[in-house]
Structure formats: structure tokens, C-alpha cells
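Below is one structure, written out as C-alpha cells, with a few remarks after it.
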Amino acid sequence: MRRKMGNEKIALLFPENGLVYDYELDDAGFSSTDHEDEEIERKIQWVSWLASAAEVEIAPDTNYSDIIIPTQDTIRMSYLLTTLLTNKKPVLCIGPTGTGKTLTISDKLLKKTHPDYISHFLIFSARTSANQTQDFIDSKLDKRRKGVYGPPLGKYFIFFIDDLNMPALETYGAQPPIEILRQWMDHHGWYDRKMIGTFRQLLDINFVCAMGPPGGGRNPITARYTRHFNYLSFIEMDDISKLKIFSTILDSWLCNADEVKLLNEPLVAATIKVYSTITSQLLPTPAKSHYTFNLRDLSKVFQGILMAESANTRTKVLLLRLWYHESCRVFKDRLVNDSDRNWFEKLVHSKLLELGTNFEEVAPQLPVLYGDFMAIGSDNRIYQFIDNMEKMVQVIDEYMEDFNQTSTSKLRLVLFMDAIQHVCRISRILRQPMGNALLLGVGGSGRQSLTRLASHM
């Protein structure tokens, strides 16, 4: 492209660095309807997408799941999404799990659209039916005249459908929810199920959909439906974008710990390397079908670090101990045999050496456990390192006695170390927003009892 533009003697060449997709055209306000800056002289030029990004400030009380760090990819996708939706074009966003499809679309629809554009959210599952989909959309629309329905006059509805390709196939290979949506795409309406033969025309609505690639419960969807859409492909972020996102988040958390601020970027880079190595080496097999790691797992490491108080991790060893614990909870707890767990331990030990310390300093006692349940009855529960194992056993025993006094089904558990570790792991997951756990084990291994105890704690 650059060579062609040079040969054609085009005056405004792309910058030499990066790809042509890394830049947008600053047209000096020619296409803007805002007349306030007309007197300021500006130059038409190619600028990086990040030039328009606002400075990120993360408030201490912000939910981790609500934090959005703009990167080149998200700004570019957000711009394309705005352009397509403003021109009333349906959009289909495709990409693997954890690439920010839902977050980018939700942020755009809820915070950065014109007030006349009203958004509604619908999440498909394997059990979603065509009737549910039709009833949901019909319930949001008003009657305008006979046979014509739409949003209130002057408004425009955008329906965001997440996990579009999740509905199960019926007998003949079709997906009924998608077929009812395709009928709207083809004919701008569908038939009323109560008044047989009456066609309902639906006006002033549009669809934004997101889906992952087929596989793992997701199905290929018919090209007769996808032909109506404009595609946006969300690819997995490069390491530079990952480093920018997580170093920004960790930097805001380390604002009260000046002694370890220099460890921010090396720690994030080490975590990204651990994640990249695991995703390339520990692949799913029939015996290990749950070895499916994605960017959400990388994010959960930092979510776990942010559960602790930065004031309690003022030294390098304390921060690396917390990092080691969260990496083990996210990655190691999913591994099913000793060879995989030993391989992971060697990987983490090598990263600790690169960060200028050794495993013996970071983990003076094994197992390394963190929890917020040591102060019974306290309103201010602090997630902290548990260094007194005997006291921890006594505390969990007290929780179990308290549970038995209030519940009809009593717990009679012998708290050996493996059971205590499982209680700490389940308790950690339950205290996280949107924390979900899948417990794998043979019958009688204590999954139900330990979960009840951890929930009570």
C-alpha cells in the first residue's frame, strides 16, 4: 500500500511504522458538526488510534469487571461499530472467548450512543427457543398502527444478542431462534402466533450480535442469515496490548506501595509469558477436556491480586508471594495429575528467578494459602496470607460448628490439609464478583460438603 501510494505521488502517505490499520485520518474537523473549534488551525494527517484515547483513571471502588482500558484494537472496533450502527447496518462480531466482544459492545451501547438509541440485551443458550426470542422482542415494541410495531416515535432500538450460535440444532439441522431472526432480516417482520396469518411488521430496530467460532457447544450458523451482517473480527490481543491493560490496572492498585512499583511491568510480562506457555503446551485431550485456557484466565490472576490490600504487600517478597498464590489458583488448580503440576511449578520457579528472587523466599511454608475468613464476625474482611495453619484449622472448625447450629443437615468433617486447601480455594472463588467454580472429582470426595462450608464462611 505504501509503495503504491508513493508511486502514485500521493501527498498524504501513511507513516512508516506499523500497519496501515494502525492509523485513522484526522480530517481537521471537515466532517465534524461541532463549530466551536473552527478558528483553531488544524492539519490533515494520519494519527494513531490511541491518540484519541482518554486518560484512564480507576477509582478504588470500581468493580474489576467494569474496568475498561482502551487499546488500539478496542478503539478501532468501537469506531467501526459506531459508524455501522449510526448508518443502521446490522453487525456481527466474531472472536474467541475473552477478546472483549461483549465488553466493547456493552460499553458502546450503554455509555457512548445517542440518547435516541435504546439498547436491549439478549443472551442465547443451548435451550433458547424461537418463541422465547420472538416474545422478548415483541414485548419491547409498541403498536404504531394495524400490523406495524416499533419503538416509541423518535427512538431507535438496538438488540444485542450474545452467544448467537449457542442454540441447539433441531431435527433437520436448523436453529429455530436464528431462523425467526432471519425472517425479520429477509421480510422486516414475522407472523403473529396468536392471530394466525397476521403479519407483524417491525420498524426502527437493528441487531448487533456476538459469537465465538464453532466448537465446544457452539454451532455453525446458516449463511442465509450471516449474509445480512457486516462482520467485525475480534482477534486475540497481542502481548503489547495485554501488557498495557494489566500494567495499567496493577499500577492503580500499587499507588500506595511505592517500594514495589518498579515491579509492575516485569510482573505483568512474566504472567503473560506463563499464560502463553500454558496455552501452547497444555492442550485439551479427551482425558483433560477442561484444559481450555483463554484471556479470562489471565485476567483472573490480576483480579485475585486486586482482592488483597496493596498496603499489606509493600515488599517485593510479599507481592511475589501473592502473585504465586493467584497463579496457582487460576492455572495449577485446573491440572489433573502430578506431572502437569510439577511442570507448572518449574515454570513459575523460573519466572521467580527472572524477577530476582527464589522460591524458598517467596514460599517459606507450603501450602501457600490466602483467605479473608480468619477474623470471625468482622465486617472488614481482609484477604491476606495465612501463616498460622493451626489457628486456621481452629477457625474453620468454629465455622463448621456455627453451620451445624443453624442447619438441619449437619456437617461432620475431618479437616485434613487437602480438605482445608479446597475450602480456601472455594471461598476465594465465592468472594469474587461473577466467581463460578466447576468442581471435578469422584463421588465421596467432599465437593458438596466443602462447598456448603465455604459458602457459610
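The values are calculated or read from the model by the stated rules, or taken from the named source; none is laboratory data. Since this is a predicted model, take the numbers as computed values, not measurements. Here the Cβ positions follow ideal geometry from the backbone for every residue, glycine too, while neighbour counts run over all protein chains shown.
Data overview
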{"read-out": "Which listed residue, of Gly150, Gly154, is surrounded by 16 or more Cβ atoms within 10 Å (Cβ to Cβ) and touching an Asp or Glu at 6+ places or on another chain (Cβ under 9 Å)", "value": "Gly150"}
{"read-out": "Residue among Lys108, Lys89, Lys146, Lys155 that is charged (D, E, K, R), touching a helix residue (DSSP H, G or I) at 6+ places or on another chain (Cβ under 8 Å) and farther than 30 Å from Tyr291 by Cα", "value": "Lys108"}
{"read-out": "Matching residues in region 272-317 - criterion: being touching a strand residue (DSSP E or B) at 6+ places or on another chain (Cβ under 9 Å) and assigned to a helix (DSSP H, G or I)", "value": "Gly304, Met307, Asn312"}
{"read-out": "Scan of region 52-90 for residues that are touching a residue at least 12 places away in the same chain (Cβ under 8 Å) and of a type in the set (Gly, Ala, Ser), ordered by number", "value": "Ser52, Ala53, Ala54, Ser65, Ser78"}
{"read-out": "Verdict on Ser407 being surrounded by fewer than 13 Cβ atoms within 10 Å (Cβ to Cβ) and in the same structural domain as Leu250 (by TED's automatic domain parsing)", "value": "no"}
{"read-out": "Qualifying residue in region 190-201 (condition: of a type outside the set (Phe, Trp, Tyr) and within 24 Å of Leu109 (Cβ to Cβ))", "value": "no"}
{"read-out": "Of residues in region 306-343 being more than 17 Å from Leu440 (Cβ to Cβ), of a type outside the set (A, V, I, L, M, F, W, C) and under 27 Å from the mean Cα position of the chain (by Cα), the one surrounded by the fewest Cβ atoms within 10 Å (Cβ to Cβ)", "value": "Glu309"}
{"read-out": "Matching strands (runs of 3 or more DSSP E) fully within region 145-241 where at least 1 residues are free of Cβ contacts under 8 Å to residues at least 60 places away in the same chain", "value": "148-150, 156-162, 189-191, 199-202"}
{"read-out": "Single residue of region 351-378 satisfying the filter (small (Gly, Ala, Ser) and surrounded by 15 or more Cβ atoms within 10 Å (Cβ to Cβ)) that is farthest from Thr271 (Cα to Cα)", "value": "Gly371"}
{"read-out": "Out of Ile382, Ile386, Ile429, sole residue that is of a type in the set (A, V, I, L, M, F, W, C), touching a Cys at 6+ places or on another chain (Cβ under 8 Å) and either assigned by TED's automatic domain parsing to the domain that holds Arg334 or within 30 Å of Thr62 (Cβ to Cβ) (or both)", "value": "Ile386"}
{"read-out": "Of residues in region 208-254 being over 22 Å from Leu298 (Cβ atoms) and of a type in the set (Val, Ile, Thr), the one surrounded by the most Cβ atoms within 10 Å (Cβ to Cβ)", "value": "Val208"}
{"read-out": "Complete set of residues in region 100-116 that are under 15 Å from the mean Cα position of the chain (by Cα), crowded, with 20+ Cβ neighbours inside 10 Å and either more than 15 Å from Asp66 (Cα to Cα) or of a type outside the set (Ser, Thr, Tyr) (or both)", "value": "Gly100, Lys101, Ile105"}
{"read-out": "Yes/no for Val393 being more than 27 Å from Thr315 (Cβ to Cβ), under 34 Å from the mean Cα position of the chain (by Cα), surrounded by 10 or more Cβ atoms within 10 Å (Cβ to Cβ) and in contact (Cβ under 8 Å) with a residue 12 or more places away in the chain", "value": "no"}
{"read-out": "Of residues in region 118-141 being out of contact with any strand residue (DSSP E or B) (no Cβ under 7 Å at 6 or more places or on another chain) and either without any contact (Cβ under 8 Å) to a residue 24 or more places away in the chain or among the small types (Gly, Ala, Ser) (or both), the one nearest to Thr102 (Cα to Cα)", "value": "Ser125"}
{"read-out": "Counted residues, region 34-80 - those being of a type outside the set (S, T, N, Q), modelled with pLDDT of 75 or more, surrounded by 12 or more Cβ atoms within 10 Å (Cβ to Cβ) and not in a helix (DSSP H, G or I)", "value": "10"}
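Per-residue answers, yes or no, for (1) under 18 Å from the mean Cα position of the chain (by Cα); (2) in a helix (DSSP H, G or I); (3) not β-branched (Val, Ile, Thr):
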position	(1), (2), (3)
Thr97	yes, no, no
Ile118	no, no, no
Thr133	no, yes, no
Asp138	no, yes, yes
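Matching residues to (1) of a type in the set (A, V, I, L, M); (2) under 20 Å from Asn436 (Cα atoms):
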{"position": "His290", "(1), (2)": "no, yes"}
{"position": "Val301", "(1), (2)": "yes, yes"}
{"position": "Arg321", "(1), (2)": "no, no"}
{"position": "Arg329", "(1), (2)": "no, yes"}
{"position": "Lys332", "(1), (2)": "no, yes"}
{"position": "Lys346", "(1), (2)": "no, no"}
{"position": "His349", "(1), (2)": "no, no"}
{"position": "Gly371", "(1), (2)": "no, yes"}
{"position": "Gly377", "(1), (2)": "no, no"}
